[in-house]
1. Sorting check: for 127-139, 147-159, 244-256, which peptide has the highest mean count of neighbouring beta carbons within 10 Å, and how do the rest follow?
2. Can you tell me which of 179-185, 232-238 comes out highest on packing, and rank the rest after it, using the mean Cβ neighbours within 10 Å?
3. Would you mind checking the tilt of helix 95-126 against the longest principal axis of the Cα atoms of the chain, expressed as 0 to 90 degrees and rounded to 10?
4. Based on DSSP H runs of at least 4 residues, each adding -39500 (n - 2.57), what is the mean residue ellipticity at 222 nm of the chain after dividing by all its residues, to the nearest 500 deg cm²/dmol?
5. Report, in degrees rounded to the nearest 10, the 0 to 90 angle that the Cα long axis of helix 149-159 makes with the longest principal axis of the chain.
6. Determine ³J(HN,Hα), in whole Hz, for all residues of region 167-184 in sequence, where each value follows from phi through the Karplus function 6.51 cos²θ - 1.76 cosθ + 1.60 and θ = phi - 60°; x replaces Gly and Pro.
7. Pick out which of TRP98, TRP40, TRP259 has the largest mean-square fluctuation in a Gaussian network model of the chain, springs linking Cα atoms closer than 10 Å.
8. Taking 8 Å as the Cα distance limit and 6 or more residues as the minimum spacing, I'd like the relative contact order of the chain as a percentage.
Amino acid sequence: MSAADTTTPVKVPPPRQAPPPPADELPRASLASGGTAVPWLLLAPCLLILALVMGYPLARLVTLSFQRFGQSQLWGFQPAEPVGFDNFAKVLGDGEFWTVVVRTIVFAAGAVVFTMVIGMAIALLLQRVSGWLKVLINIVLVASWGMPVIVATTVFKWLFDSDYGVFNALLSKLPGVEMIGHNWFASGPEGLAVIMLLVVWGAVPFVVITLSAGLTQVPKELEEAARLDGAGSWGVFRYVTLPVLKPIIVMLTTLSVIWDMGVFPQVFVMRNGHPEPEFQVLNTYSYDRAFVVNDYAQGSAIALVTVLLLLGVVAVYMRQMLKIGEVE
């Protein structure tokens, strides 16, 4: 037997395989091929519903605003005639329209300011109460927020009724105050103040809940550091809490402006379906021109102008959010 026969054969280890590349180094062609189409497929049902629900009415609104369209055209006795920008010229040249615009802006600004201030105050107070009380307050806020607008408006009509109103009865118990029989809707400013209170009452819960969620993201370390540096409660709120909440405040303010500029059911129901001239805001004024005066074209033009005003608010909101993103 030779030495070659007695030698144990050496086992050669298999060649090592290179580890797979990390996920972020995989070829992006395979991800990009189907990745861009998936979001659009997921959004397709929502976009289709929006196109059906909002696309056609908006297109019809734009069409009507450039036509002469009244009852004769509605019933088919006369064809709709294109009039170009005549409807917009009549609307923009009407002094009553600008009075309504100013009233709507003042109403919306007051409602937004009161909503944000009261909402912020309640949200800050909720951080200082015990757990069970916080839960109870949140339940009350959600219940009031979920109340239908028609029901809330009916309740406020009863509260401020001139003959049986609870608010007048409570004010009359104050020394030297006699409010029994006082009609809050005898003048426009007082009546709009009541409607503004109704709008604020319905909007505050959403603001409180959203700001309360944002306050949980404020770092406690920054607050403690600010207090150690000698900052008081106002200083901590101004230099620590407010910058963290700024994106949420911008979002809530923009949404509140859009909602309060488009207020309709509160004014319409509070005035029993026939708002007087001193109670008209843009939405009720557009409705009045379209369905009371039966000038559907002019009503559409007013509605389109309102949409353009709201788009301006949205543009300001987007600009502010882009600035915040650049800072971050």
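Readers should treat all values here as calculations from the given coordinates under stated rules, not as data from a laboratory. The structure presented is a predicted model; accordingly, all values stated were derived computationally and were not measured. Note that each Cβ is placed from the backbone with ideal geometry, even for glycine, and that neighbours are counted across all protein chains shown.
1. Going from most to least packed, we get 244-256, 147-159, 127-139.
2. Per-residue Cβ counts within 10 Å, averaged per peptide and sorted highest first, yield 179-185, 232-238.
3. Helix 95-126 and the main axis of the chain meet at about 50 degrees.
4. -21000 deg cm²/dmol
5. Taking Cα atoms only, the helix is inclined about 40 degrees.
6. Rounded to whole hertz, the list is 5, 5, 5, 5, 5, 5, 6, 6, x, x, 10, 10, 10, 5, x, 6, 9, 6.
7. Maximum among the listed residues: TRP40.
8. 24 percent
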